[in-house]
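Heads up: the structure comes next, in structure tokens.
The values are calculated or read from the model by the stated rules, or taken from the named source; none is laboratory data. Because the structure is a prediction, the values reported are computed rather than measured. Using ideal geometry, Cβ is built from the backbone for each residue, glycine included, and neighbour counts are taken over all protein chains shown.
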């Protein structure tokens, strides 16, 4: 039976796809109108967490023999990742609010866990697939709801040297609701330019170091650390 050129191309594409080894824990999210999928690759020269969308595919979190990537879960616009620290024999849960550009440590556990899940009681839990009785609550239901609400806020770039952008989805947020403090608690004068659901902060005159942005909402205070370089 003869195989034409198109059939050969399709067969070749199928063989390439079949060579990828995906770990459990793929996820989907939609940010700024772009739908992304996240998946874990282990049996590859570049293991880790990958993001795929209409712009292409790239690795957003590298793994190694000592710090593996085991599970990924997207809740709202936040990406949660469970890692195993083989050197410390511990489980780490980290998260990103900017599609993997930066990661924050959420919790370290002495239990060996390999899967993330949102439970029927709306808690973020981690458990061991081979023994699901071995589990730990990472975020309570109220904490998870609060964390998801905070994903409506995006502050970038971080570190910054000229301008800092503050994008939000909060109703009636005013410039007076935003305060900037130095690492020793000194209130800094702000040069804010307000636009639709965003602010631009001129940081070019600030000394290098760590600062804290406090955003006062009606029912709570959100605080984020930034670095000026």
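A few remarks follow.
- Any hit, the stretch 88-95, residues being over 21 Å from residue 159 (Cα atoms) and without any contact (Cβ under 8 Å) to a residue 12 or more places away in the chain: yes
- Residue identified as assigned by TED's automatic domain parsing to the domain that holds residue 135, in contact with a strand residue (DSSP E or B) (Cβ under 6 Å, 6 or more places away or on another chain) and within 21 Å of residue 153 (Cα to Cα) among 71, 36, 52, 75: 36
- Search result, residues across the stretch 103-129 that are touching a residue at least 40 places away in the same chain (Cβ under 8 Å) and touching a helix residue (DSSP H, G or I) at 6+ places or on another chain (Cβ under 7 Å): 124
- Every pair of residues 6+ apart whose Cβ atoms lie under 7 Å, when the first sits in the stretch 43-59 and is over 16 Å from residue 101 (Cβ atoms) while the second is not in a strand (DSSP E or B): 43/21; 44/21; 47/63
- One residue alone among 132, 83, 143 is without any contact (Cβ under 8 Å) to a residue 60 or more places away in the chain, in a strand (DSSP E or B) and surrounded by fewer than 16 Cβ atoms within 10 Å (Cβ to Cβ), and that residue is 132.
- The stretch 103-126 - residue that is over 16 Å from residue 76 (Cβ atoms) and out of contact with any strand residue (DSSP E or B) (no Cβ under 8 Å at 6 or more places or on another chain) and, of those, surrounded by the fewest Cβ atoms within 10 Å (Cβ to Cβ): 120
- Checking the stretch 120-134 against the condition returns no match, with no residue being in the same structural domain as residue 45 (by TED's automatic domain parsing) and closer than 20 Å to residue 222 by Cα.
- Qualifying position, being on the phi < 0 side of the Ramachandran plot, surrounded by 13 or more Cβ atoms within 10 Å (Cβ to Cβ), outside the structural domain of residue 74 (by TED's automatic domain parsing) and more than 23 Å from the chain's Cα centre (by Cα), among 166, 178: 178
- The listed residue being under 30 Å from residue 165 (Cα atoms), surrounded by 13 or more Cβ atoms within 10 Å (Cβ to Cβ) and touching a helix residue (DSSP H, G or I) at 6+ places or on another chain (Cβ under 6 Å), out of 76, 100: 76
- Selection status of residue 180, in a strand (DSSP E or B), modelled with pLDDT of 90 or more and within 26 Å of residue 59 (Cα to Cα): no
- Test: residue in the stretch 185-208 that is loosely packed, with under 13 Cβ neighbours inside 10 Å, over 21 Å from the mean Cα position of the chain (by Cα), under 23 Å from residue 101 (Cα atoms) and touching a residue at least 12 places away in the same chain (Cβ under 8 Å): yes
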